[in-house]
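Notes follow the structure.
The values are calculated or read from the model by the stated rules, or taken from the named source; none is laboratory data. Just so you know, these numbers come straight off a predicted model, no measurement behind them. Glycine gets a Cβ as well: all are built from the backbone with ideal geometry, and neighbour counts include every protein chain shown.
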Amino acid sequence: MRDSSKHHHGFKRTALALCVLAATQSYAASAQETETSDELDDIEVINVSGIRGSQEASIFAKRHAATVVDSIAATDIGKLPDVTITDSLQRISGVQIRRTAGEGGSLNIRGLPQVVTQLNGEQYLGANSVVSTQPNFSDIPSPLFRGADVFKNATANLGNAGITGTVNLKTYRPFDFEEGSTFSGAAEVQRGDETTSNDPNLSALYNWQNGKVGFMLSGTYANVNLANSYNGLNTANPGDAGWTDRTSADDIGVAGREGRVILGAQGFSAWNQGTERERIGINSSTQVDLGEGFIFTADVFYTEQEEYNRKVGLSATNKWGPRGWFEPTEERATGAMIDGGEMYAWQQAELYPSRMKSFTQNDVYNNSSTNINLQLDYDNGGAFTGQFRAIIGRASQEHRHGYNEGDMTNGQTTLGRTTNLVPADKCRPEDEVVGDQGGCLQAINALGYSENPHLTYDTTGEHPVWSGFDRSLAGGLGDGATIADYMGNLGSYNVGAYSSENNENANGDINAFSMKGKYLFESGFVTSIEAGIRYGKRSADYERYHLFSPVQTAGCLAQWKATDVLLGANAPSCSDGEVVDGQFMPYAALENIPLDQNNNVIQVSDFGPVSGIPTVWAVDPADYDDPEAFHNRVFGQSTREIVPGSSFNADVAELSYFLQANFEGLDGLLTGNVGVRVIETDLSVKQNIAGDNLPYSATAIDVGDVLSDNEYTDVLPSLNLAYRITDNVIARFAYSENMTPLNLNQYGEGLALSNALDSVEGSPTQGQFIVTGGSLAGNPQLDPWRSTNYDLSLEWYVGQASMVSAAVFRVDIDSFTVNETVDMEMPDADGIVRRSVPITTLVQGDGGTLEGFELGAKVAFSDIVEPDSLLASFGIDTNFTYSPSEGAGTDIYGEENMFTDNSERQFNVIGWYQGDRFEARIAYNYRSERLAGQGGWGALNLFQAPTSYVDISASYDITENMSVYAQGSNITGEYEDYYLQWEDQYAFQNYYETRYIVGVRAKF
């Protein structure tokens, strides 16, 4: 059925004033509710009271929907049932979410992230989705919404739709309320069991309407501090990004271990992170009844979030050193063969890291988005109704990264030397003067250790255990000093490196215009015809850059301001040093700097649930709330150097039109719709050409642009049938073909290389940075995601607030992308090509399948027991989803992989109580193991172990218009456990704190 042919930081708070003047959305129901808008108006969500009323509204929406739909609804004005809207959506069957810092963020439907987000029935552009398709609602305040619908299949009039689903977020509008004035507000305090800070969260809504004109303004403000911690492989530490090529190691040929292959690692780390999120959200809507059936709606939906991720911890690593730095002491054979040997999974090891360090990292995100909707609806009670909409969306996300290492080595274990040459102005009285310009040989870290520490790492328990810190260690603290002594002595630390890498500026916009109409017939099998046309254009400008700073005397710019970067070995365009004994010696990019010379320092003893680690000294991560300002202060004016392979511009323009017939037959027992949507897509992409690397960096020079275009047309039919077997039993069948563009970075990103210091003794490039791998992540000629979806369901409506449902589904993925690794000749950091290295690139997948079933039950016991029964005040909401999949590639045993990010099984159960004044709810969510990464760890797949979250809430109505409430999130202290292929091959853990909320809510 398809014809394909190839061929500012945004809006800051000043924009809030615009929101007060704005207005939004339609008196008529959204497009997908058109067929039953009159019925839906009878049960407006704002008139619903409590948990039972919310469940009743969700059941009503499902019963009268035109396709397979599940919904959530607010239990009162501004009150969705969870902390975030993502947390609420996870209660719907088939919706799988990821939590970030303990709060719901991104989501999948039936295992895939290719999910389109709508706002009141039209495309929504969020700051977390400037270049991606996957929804991420972590920056969107939940009190602004009255509910959300999740469409598992499509109708022709749905508009832009996802591969496995579409999420429609629904906001309040003036004509939703009774005439006159309405006010609702809430004030609450949030507190975590680890952060122990009292965080404010305020929200308010005011509405006025007189039947002809209405105005609504709602807003929220929150400033929350969230705790989470990590322990495990260093490859999950963004401070070590780019070095994942070193995570494969083997012991083939090692004495006593011949034939055994083990998972190697660059290092292991443990850290805690404090995440601060300051959110502002405003929704403004104006509606005017123009008479003669015309309703005008104008909306502005604005969000802004500033986020600081302040991370501090310990790392034991062999970075730059040879493999074989740790020895497994507990392991088992797996039967898997690789590289001529048998893979062994290990659980305990003795570590001999050449480098033990504290590290500090701060990732700062500034997000903002503005979505404006102008809408004119026509309905004068006649056969014809129509609608015109104009959508304007703007979003931006800035990411700033700051990083610092506190080294405890004196250099001998990592560099093979204990001194660096520094220029005369950096000399100290105790330094030895050498060279022809008065430079000095300076001790790298006089009080640091001089031999590799010996530690024990044990992952056999629930959480890893470190030990061995009481072992003695040679170095500047003298005989008898232990590893813990070096860790506890501030004088034993020097700054190993400063950096600010992978900073990002992402700006996106959407402009769309649509017209559609519907004509009702008085009689006949076809009850109405709908048709419409839409033009939309989505654009994104994405820029990634590293911060370069001037170092030493020659004005050389370095990406890595580090003690192991020498200014001269491989960069004749900018070398800096002196002649010593007739031989040129380069300066080090960073001299010996005490940890507290340019920074505030703190002692850290909290590493989450991992145990055994003594206190360490580290830089306060708040010092890097503005990393560029820090680098300018310490080094002088720094410059932003664009990473060509990760920066791009992309435009996707779509012209679509649809025709849909709605029908009813068999004396009203059969209803449904059949239609077709045609989408003509024009894609334009500008990629950058990467040249040689800049000195002292892994950053290539941008030497030009590549402009690419692609065109394709999709014809997407759909059929939805509903058959009323009895008054309360409905059978449904849904069929649709779907298309969703790729993430824009999958079109636009170019070549990006990874480099490492060559530490192999006798190598021609020993001591130089050499290329070790890379990625070629974008391809404008790739096809979009395409699928054919089937749903068959049976729904039994037991009462107004009770139903039982069962559904089977199948999603045939006709077109998708997969990663493939190929060997390509690439230049080292000095621009010379010496070797072929593995390059990961995107290729077209051959197809895949998602299929499974869903079971659900929403039961208010008042529908099935006597009103005076004790059970009448209780209810449940539960569902189970089974969604096995066949994705791309095979694992180390040759077995086919599931789709990445998918869990085969998901289970939700919510128990609730609603009395005259008191109501309470407990929610349990289970998700089976998730494929988190494919084949990137020495051919091993990365899995997240099954997780179970428990959340609770309760409220008490003091008066009819005032209530107090409390909530608890993750009350069992659940954490995320990751492993590589086998459950006993530990990878890492993410641990999130338990959080509690108390608040008061009023409405008038």
Query raised in the report: Of 479, 509, which residue is within 30 Å of residue 603 (Cα to Cα) and either under 31 Å from the mean Cα position of the chain (by Cα) or surrounded by fewer than 21 Cβ atoms within 10 Å (Cβ to Cβ) (or both)?
Result: 479
Query raised in the report: Within the bounds of segment 696-707, is there any residue that is more than 32 Å from the chain's Cα centre (by Cα), surrounded by fewer than 17 Cβ atoms within 10 Å (Cβ to Cβ) and on the phi > 0 side of the Ramachandran plot?
Result: no
Query raised in the report: Restricted to segment 905-928, and to residues that are of a type in the set (D, E, K, R) and in a strand (DSSP E or B), which residue is nearest to residue 953 (Cα to Cα)?
Result: 921
Query raised in the report: Which residue pairs have Cβ atoms under 7 Å apart, sit 6 or more places apart or on different chains, and have a first residue in segment 926-955 that is more than 28 Å from residue 84 (Cβ to Cβ) and a second that is surrounded by fewer than 21 Cβ atoms within 10 Å (Cβ to Cβ) and of a type in the set (D, E, K, R)?
Result: 941/891
Query raised in the report: Inside segment 164-203, can you point out the residues that are surrounded by fewer than 17 Cβ atoms within 10 Å (Cβ to Cβ) and of a type outside the set (Asp, Glu)?
Result: 180, 181, 183, 187, 189, 196, 197, 198, 200, 202
Query raised in the report: Any chance segment 958-966 includes a residue that's at pLDDT below 95, acidic (Asp, Glu) and either touching a helix residue (DSSP H, G or I) at 6+ places or on another chain (Cβ under 6 Å) or closer than 28 Å to residue 313 by Cβ (or both)?
Result: no
Query raised in the report: Out of curiosity, is residue 359 surrounded by fewer than 18 Cβ atoms within 10 Å (Cβ to Cβ) and touching a Phe, Trp or Tyr at 6+ places or on another chain (Cβ under 8 Å)?
Result: no
**Report entry** Flag for residue 943 being aromatic (Phe, Trp, Tyr) and either within 19 Å of the chain's Cα centre (by Cα) or under 21 Å from residue 989 (Cα atoms) (or both)
**Finding:** yes
Report task. Please find, within segment 83-120, the residue that is surrounded by the fewest Cβ atoms within 10 Å (Cβ to Cβ) out of those that are touching a Gly at 6+ places or on another chain (Cβ under 9 Å) and charged (D, E, K, R). Result -> 98
Query raised in the report: Do we find that residue 324 is in contact with an Asp or Glu (Cβ under 9 Å, 6 or more places away or on another chain), part of a loop (DSSP other than H, G, I, E, B) and surrounded by fewer than 18 Cβ atoms within 10 Å (Cβ to Cβ) in this structure?
Result: yes
Report summary line: When (1) closer than 30 Å to residue 624 by Cβ; (2) part of a strand (DSSP E or B) are applied to residue 353, the one that fails is (2)
Report task. Would you be able to tell me the number of residues in segment 396-428 that are more than 13 Å from residue 562 (Cα to Cα), aliphatic (A, V, I, L, M) and in a loop (DSSP other than H, G, I, E, B)? Result -> 1
Report summary line: Matching residues in segment 957-972 (more than 35 Å from the chain's Cα centre (by Cα) and either surrounded by 14 or more Cβ atoms within 10 Å (Cβ to Cβ) or part of a strand (DSSP E or B) (or both)) number 4
Query raised in the report: Does any residue of segment 852-871 turn out to be of a type in the set (Ser, Thr, Tyr), in contact with a Lys or Arg (Cβ under 9 Å, 6 or more places away or on another chain) and surrounded by fewer than 17 Cβ atoms within 10 Å (Cβ to Cβ)?
Result: no
Query raised in the report: Which residue, of 402, 468, 448, 435, is touching a strand residue (DSSP E or B) at 6+ places or on another chain (Cβ under 6 Å) and under 30 Å from residue 504 (Cα atoms)?
Result: 402
Requested in this report: Within segment 180-204, track down each residue that is modelled with pLDDT of 95 or more and among the β-branched types (Val, Ile, Thr).
Outcome: 182, 189
Query raised in the report: Taking the condition over 30 Å from residue 632 (Cα atoms), surrounded by fewer than 20 Cβ atoms within 10 Å (Cβ to Cβ), at pLDDT 95 or above and more than 33 Å from the chain's Cα centre (by Cα), does residue 532 pass?
Result: no
**Report entry** residue 460 vs. criteria surrounded by 18 or more Cβ atoms within 10 Å (Cβ to Cβ) and more than 14 Å from residue 594 (Cβ to Cβ)
**Finding:** no
Query raised in the report: Only one residue in 82, 87, 70 is part of a loop (DSSP other than H, G, I, E, B) and not small (Gly, Ala, Ser). Which one?
Result: 82
Query - strands (runs of 3 or more DSSP E) contained entirely in segment 550-638, each with at least 3 residues that are of a type in the set (Val, Ile, Thr) - result: 601-604
Report task. Filter segment 318-342 down to residues that are among the charged types (D, E, K, R) and within 33 Å of the chain's Cα centre (by Cα) and give me whichever is modelled with the highest pLDDT. Result -> 319
Query raised in the report: When you look at residue 652, is it in a strand (DSSP E or B), of a type in the set (A, V, I, L, M, F, W, C), within 24 Å of residue 779 (Cα to Cα) and at pLDDT 95 or above, yes or no?
Result: yes
Query raised in the report: Tally time: how many residues in segment 140-155 are within 14 Å of residue 107 (Cβ to Cβ) and assigned to a loop (DSSP other than H, G, I, E, B)?
Result: 2
Requested in this report: Kindly indicate whether residue 281 is in a strand (DSSP E or B) and touching a helix residue (DSSP H, G or I) at 6+ places or on another chain (Cβ under 6 Å).
Outcome: yes
**Report entry** Long-range neighbours under 6 Å by Cβ, at least six apart or interchain, first residue among the hydroxyl-bearing types (Ser, Thr, Tyr) within segment 362-383, second assigned to a loop (DSSP other than H, G, I, E, B) and surrounded by fewer than 18 Cβ atoms within 10 Å (Cβ to Cβ)
**Finding:** 378/293
